[in-house]
Amino acid sequence: MTTDTTLDHRSKSYPIGATPCEAARIGEHGWHVLDDALPYPLATLSRSALAHNIAWMQDYARRKGVLLAPHGKTTMSPELFAMQLAGGAWGLTFATVFQLAVGVEAGVRRAIIANQVLGGADLDGLDLLLTRHDGLRVWFLVDSSAQLAVIEDWQRRRRSARRFDVLLEIGIEGQRTGCRTHEEALALAGAIAASPAVRLGGIECYEGGLARCDSAHDAREVTALVERVLAAARACDARGLFGDEHLLLSAGGSAVFDLVVPLLRAQGLSRPVQGVLRSGCYVTHDHGNYARFLRQVEQREGLESSLRAALEVWSMVQSVPEPGLALLSCGRRDISFDIDMPIPVRHARRGERVASKAPAGWHVSALNDQHAYLRFDPGAITPQVGDRVALGISHPCTTFDKWRWMALVEDDGAVTGAIHTRF
């Protein structure tokens, strides 16, 4: 299992003059987030928050009686994959065969590709991974007879005896992939069961597209989807279409994962059910989009608290050109902006190694490639050139893919480790 990489001057935000080192040994430099030894912008992960989130979600799954296969596309980090597996994850989820290969290299032996697989190169790659790694189990999604025909054609052209494990996907009208009707799903399940190229292992859905951060709406819509999936599972079971000793039922984005638990704990079927939750963003959580959704989860579940934001991008105030505006050294190349603008969360004056909470009135109004526009009340606390500002994020996936490494930091700001990414 390979999880390490060398950091050097070719790595963004690694000091150009510093001695190269393995990511796991970066702590030997004795750096601190606020000693200005590392260039800004600097993406950081709180070690304590990561540990808390991994343990919290694993405990949640255990208490609910379901399995956890976190979505690896969130981080694409072998170190974080290893932490999640060590924390008790049943397996991991991916979106592509390429991502799966990174996971297998990091030690994954059970995986769901929560996406359709049908390209010849991808089927070749998946076949090779399954051949090379004894005990590797991988399920991917099928949602049409056209996709099934492409897979069967691949098998004929390759003269292969490979029979891939697949999950029937139930979809939502107007949204992503998946069968739209009960009749369509049953017809496809019958074709899968009769195919020499695939084996029907269960049923999958993705509920995240229904979420509106309104508990009444979200519960109603997700419950309707759960009922559709359960109806399909019962019908397929009654027809003897499943080809494995266990029936795998899987769902779960990171916004309303609690609402699919009734599906994952389905009863009354002819074989044991393995319910697999696929939430991924929980590992770092965030300060915006998922924080809003998690407050709803906490209310529905009667929780006082849940996940902690672990990911920040530190930037420097490089200019205060006019009252009420500061330019930060962080832009679209460094931080997510697909859902919300970055959120100022902490502030440290130039030369200080202790950060305080960012003033409530500070906000980022816009981003350029390398700049963030920090707006503030000129009559209140004013940022100064050389100050450092930590930016919280909304939706971690699109911050991770902008970095090839991130610093692991302790609660006191000491840099004691690093992770790398494989996008």
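Bear in mind these aren't lab numbers, they're just calculated from the coordinates by the rules spelled out. On a predicted model such as this, the values are computed, not experimentally measured, just so you know. Neighbour counts run over all protein chains shown; Cβ positions are idealised from the backbone, glycine included.
Restricting attention to the chain, lysine pairs at least eight places apart or on different chains and with alpha-carbon atoms under 28 angstrom apart total 6.
For the stretch 126-242, the relative contact order comes to 24 percent (Cα pairs under 8 Å, sequence separation of at least 6).
Note on the chain: helix-only mean residue ellipticity at 222 nm, from DSSP H runs of 4+ residues weighted -39500 (n - 2.57) and normalised by residue number, equals -9000 deg cm²/dmol.
Under 5 Å from the amide H of D387 lie the amide H atoms of V317, R350, each residue being 5 or more positions distant or on a separate chain, with H modelled from the backbone and absent for Pro and chain starts. Farthest towards the positive end of the charge dipole of the chain, among the residues G268, A418, A55, is the Cα of G268, using unit charges on the Cβ of Lys, Arg, Asp and Glu. Positive end of the dipole of the chain (Cβ unit charges, origin at the Cα centre): among S356, S160, G120, the Cα lying farthest that way belongs to S160. Note on the chain: with a GNM built from Cα contacts shorter than 10 Å, the maximum mean-square fluctuation among A266, A146, A55 falls on A146. Rounded to the nearest 10 degrees, the inclination of helix 120-132 to the longest alpha-carbon principal axis of the chain is 90 degrees. Across the options A211, P396, A232, the greatest Cα extent toward the positive end of the charge dipole of the chain (unit charges at beta carbon of Lys, Arg, Asp, Glu) belongs to A232. Our note on the geometry: Cα centres of the stretch 34-65 and the stretch 78-148, 24 Å apart.
Shape descriptor for the stretch 95-146: Rg over Rh equals 0.95 (Cα atoms; Rh from the Kirkwood inverse mean 1/r).
Between helix 182-194 and the chain, what is the angle of the helix's C-alpha long axis to the longest principal axis, kept within 0 to 90° and rounded to the nearest 10? Helix 182-194 sits at roughly 70 degrees to that axis.
Can you tell me the dipole magnitude for the chain around its Cα centre, using point charges on the Cβ only (Lys, Arg +1; Asp, Glu -1), in Debye to the nearest 20?
Value, rounded to 20: 600 debye.
Among the listed values (i) 1.01; (ii) 0.99; (iii) 0.96, the one computed from these coordinates for Rg/Rh (Cα atoms, Kirkwood Rh) is (i). Relative to the longest principal axis of the Cα atoms of the chain, helix 47-64 runs at roughly 30 degrees. Each Lys or Arg adds one and each Asp or Glu takes one away; over the other residues whose Cβ falls under 9 Å from the Cβ of R212, this sums to -3.
What is the local net charge at R132, summed over the other residues whose Cβ is closer than 15 Å to its Cβ (Lys, Arg +1; Asp, Glu -1)? Around R132, the charge tally is -1.
Taken one residue at a time, the phi angles of the stretch 94-109 give Karplus couplings (6.51, -1.76, 1.60, θ = phi - 60°) of 9, 10, 9, 5, 4, 4, 4, 4, 5, x, 4, 4, 8, x, 5, 10 Hz. Gly and Pro are set to x.
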